[in-house]
Amino acid sequence: MKKKQINYSKARKKYLRNIKKDKCLVLLGQIIIFALFIGLWQLLADTGAIDPFFFSSPSRIVNTIIDLAEDGNLWIHIWTSLYETIIGFIIATVLGTFIAILLWWSEKLRRILEPYLIILNSLPKIALGPMIIFWVGSGTGATIVMCVLICVILTTISMLNAFISCDNDKILLMKSMHANKLQILFKLILPNSIPAFFSVLKINVGMSWVGTIIGEYLSSKAGLGYLINYGSQILKLDIVMASITLLCILATGMYLLVSPLEKRFKK
């Protein structure tokens, strides 16, 4: 079945061309900046302007990643961190959104718990590290719990603010049409909060990786956080920089998975 061809006006075609041109220029600018950064970093390392032992270099990072991959342990570390991050990301997002719904549903409960949410959000989660190890043991469980703790309060506060910022006139209109609270939630509050939800997803992509690395720093025998800690202990900063590079690549991959979903829902 052939797609129906849409005939745009000249002004519309020019507008679309300008948008496409702007996107290409932005992408080109990003690529140029990245290439200049990598090239300058390598040049400074090769000329001795910076000490490669302390700052590493792009070529040393690539060689380190290749060496780790050949040993066969790299994929275990990548999978461990990716698994812990995805599980923590999903649990924190779902749990935080559910708590936000409960607090929106009951104003009295929200007034009781809101100060505690602010206090918990300001608490450095790494301070709970030893307690988490005692509660759930070391390893993957402790890392996932740390990841959830870092993301869940932020998710709750962000989604709750989105819920209560919904236009009160629209809520009154639905009430005048005899809509109950459940209908208001699903027909108005949740659809109205979709932009905020995707903003939370984007934030949680970064924060969940922070939680995973902190958890692996505290107690883990595998993962990119473990590699960073291990590399610093044996004074091999190439391992540290290689792990950070892989971390950036994985975090970017997660972000690129979330971004198209946002565009799809906005259409």
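The values are calculated or read from the model by the stated rules, or taken from the named source; none is laboratory data. Please read all numbers here as calculations on a predicted model, not as lab measurements. With ideal geometry, Cβ positions are generated from the backbone for all residues, glycine too; neighbour counts draw on all protein chains shown.
Quick notes on this one:
- Across region 117-159, the number of residues qualifying as among the aromatic types (Phe, Trp, Tyr) and either under 14 Å from residue 211 (Cβ atoms) or under 24 Å from the mean Cα position of the chain (by Cα) (or both) comes to 0.
- Long-range neighbours under 7 Å by Cβ, at least six apart or interchain, first residue assigned to a helix (DSSP H, G or I) within region 154-166, second among the aromatic types (Phe, Trp, Tyr): 159/197; 160/104; 163/104; 164/104
- Leading residue by the ranking (surrounded by the fewest Cβ atoms within 10 Å (Cβ to Cβ)) among those in region 159-196 that are within 18 Å of residue 110 (Cα to Cα) and in contact with a Leu (Cβ under 7 Å, 6 or more places away or on another chain): 166
- Some residue of region 43-51 being surrounded by 12 or more Cβ atoms within 10 Å (Cβ to Cβ), in contact with a Leu (Cβ under 8 Å, 6 or more places away or on another chain) and modelled with pLDDT under 90: yes
- Meets criteria (modelled with pLDDT of 85 or more, surrounded by 20 or more Cβ atoms within 10 Å (Cβ to Cβ) and not aliphatic (A, V, I, L, M)) for residue 199: no
- Total residues in region 238-267 satisfying the condition of being of a type in the set (A, V, I, L, M, F, W, C), surrounded by 14 or more Cβ atoms within 10 Å (Cβ to Cβ) and modelled with pLDDT under 85: the figure is 1.
- Scan region 207-241 for residues that are within 12 Å of residue 147 (Cα to Cα) and not in a helix (DSSP H, G or I) and the total you get is 0.
- Some residue of region 102-118 being aromatic (Phe, Trp, Tyr) and loosely packed, with under 14 Cβ neighbours inside 10 Å: yes
- Members of region 218-237 that are aromatic (Phe, Trp, Tyr) and surrounded by fewer than 18 Cβ atoms within 10 Å (Cβ to Cβ): 230
- The one condition from (1) farther than 17 Å from residue 142 by Cβ; (2) free of Cβ contacts under 8 Å to residues at least 40 places away in the same chain; (3) more than 20 Å from the chain's Cα centre (by Cα) that residue 256 does not meet is (3).
- Filter pass, residue 171 being assigned to a helix (DSSP H, G or I) and at pLDDT below 85: yes
- Qualifying residue in region 79-95 (condition: touching a residue at least 24 places away in the same chain (Cβ under 8 Å), in a helix (DSSP H, G or I) and in contact with a Cys (Cβ under 6 Å, 6 or more places away or on another chain)): yes
- Residue within region 124-142 that is outside any helix (DSSP H, G or I) and among the hydroxyl-bearing types (Ser, Thr, Tyr) present: yes
- Among residues of region 174-191 that are touching a residue at least 12 places away in the same chain (Cβ under 8 Å), those with a beta-carbon under 9 Å from a residue that is surrounded by 13 or more Cβ atoms within 10 Å (Cβ to Cβ) and aromatic (Phe, Trp, Tyr) at least six positions away or on a different chain give the pairs 181/105; 185/104; 185/105; 185/163; 189/104; 189/163.
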